[in-house]
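Notes to accompany the following structure.
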Amino acid sequence: MSTTRAPEIAQPNAMPAPGIEQQPPFRWTSAVDWLASVPILYKVLIANAAIVVFGAVAGTWMTIQLARDSHAASGAQLILLFAFVGVLVSVAANFLVLRAAFRPLTNLERVANAVRDGDVTVRVARARYTDPQLARLSDTFNDTLDELAKDREQLRALASQVIRAQEDERKRIARELHDDTAQVLFAQLLRLTAMKSSPNDDMRITAGELEDMTVEAIEGVRRLALELRPPSLDDLGLRESLGDLAERFSRQLDIPVEYQPRVGRDRLPAEIELVLYRVAQEAMTNIAKHAGAAHASINLTRRGELVTLIVTDNGRGFDPALASKQDDRGLGLGLFGMEERVVLVGGILQIISRSGIGTAVIATIPLDSRMAASFGGRET
């Protein structure tokens, strides 16, 4: 009786025999990644060694081939040919290696120039085929910029809190001046008016003098309350408040102050209205104190999602760079305060001034938050 043997089934995933290690397959990507991590010095050495090996092999092969040809060129011609080809290949290989390795230096230079111009949002792009030391330098530079941006954000948050507290205090003082001080002075004015009807001549004269002084005090309190916080800004908006500001300074300085609003009747965000009003107020105060101008103007324009305030005068002008460094007249502090307010809402403040020509203060603020973010910088 015969038996039939079952066929053996091959196991495709059979385990290797003990003691035999499998070598991982060679991958070009791993070799390229390893070459990318090599420092630039060794990259140049590897490239030049490859050129020497290639030149030796190619030169030997060409010599053998030319030696078989009876009409081959002379030895001097072969030497010149080999030298020319070797130099050409060497320069080309070194150019490719060095260009890839030094690319981060170009990015670093571009980012450094942008930071010098005031844009701290740029970063050095990470290159794949670069020197490890240059890559670490780029990372360090980016980390420093990140820390600087974080510090600037903290300073802006602190400045925003300070400005907000200042505005709240201005509003409180203005309300107390209007409700308390002005009311007391007005009551005093009524008593002095009644005293003017006294039969005593000295009493009437004294009451009249005190009445004039009280009227001036009431006017001063009212003007101070308006400067601290104009009620029209909350009730009517920026358009009417700037018109009142232009009229008030025109009377105070006895010069024409032209006002041109081109913003329509729609209200702007409350924070932006407050910032633009303070910029116009500070600019007009500087004109009153320092400019000696014979004419001034306030222009408010809205184009799409951008609102622009321009305050100009034809006064004596000044150097904005020097004014920001010295504050003996209070001008530098006012300019700094205007710039901080505008920057906090994502805007840009420009001051253009020439000696003997006049000054222009230009504040541009985006109404869209996405546009406000784009004012901060760009990617490199």
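Nothing in this text is a laboratory measurement; each read-out follows from the coordinates by a stated rule. Given the structure is predicted, the values throughout are model-derived calculations rather than measurements. So basically every Cβ, Gly included, is an ideal-geometry build from the backbone, and we count neighbours across all protein chains shown.
Observations, loosely collected:
- Sites residue 344 and residue 98, calculated FRET efficiency, Cβ-Cβ separation with R0 45 Å, nearest 0.05: 0.45
- Built amide H within the under 5 Å cut-off of residue 259, gap 5+: 298
- Applying the criteria of a DSSP loop state and at most 15 other Cβ atoms within 10 Å to the trypsin sites (Lys or Arg not before Pro) of the stretch 118-199 yields 126, 128, 196.
- Förster-model FRET efficiency, 35 Å R0, residue 252 and residue 201, C-beta, rounded to 0.05: 0.45
- For a label point 7 Å along the Cα-to-beta-carbon line of residue 48, residues of the stretch 79-123 with backbone N under 16 Å: 86-99
- Ordering of 249-259, 277-287, 232-242 by packing is 277-287, 232-242, 249-259, highest average first (other Cβ atoms within 10 Å, averaged per residue).
- Those residues of the stretch 193-209 whose amide nitrogen sits under 18 Å from the label point placed on residue 215, 7 Å along Cα→Cβ: 193-198, 204-209
- For residue 150, the aspartates and glutamates whose Cα comes closer than 20 Å to its Cα, not counting residues fewer than 8 places off in the same chain, are 117, 119, 139, 339, 340, 379.
- Sites residue 136 and residue 91, calculated FRET efficiency, Cβ-Cβ separation with R0 30 Å, nearest 0.05: 0.55
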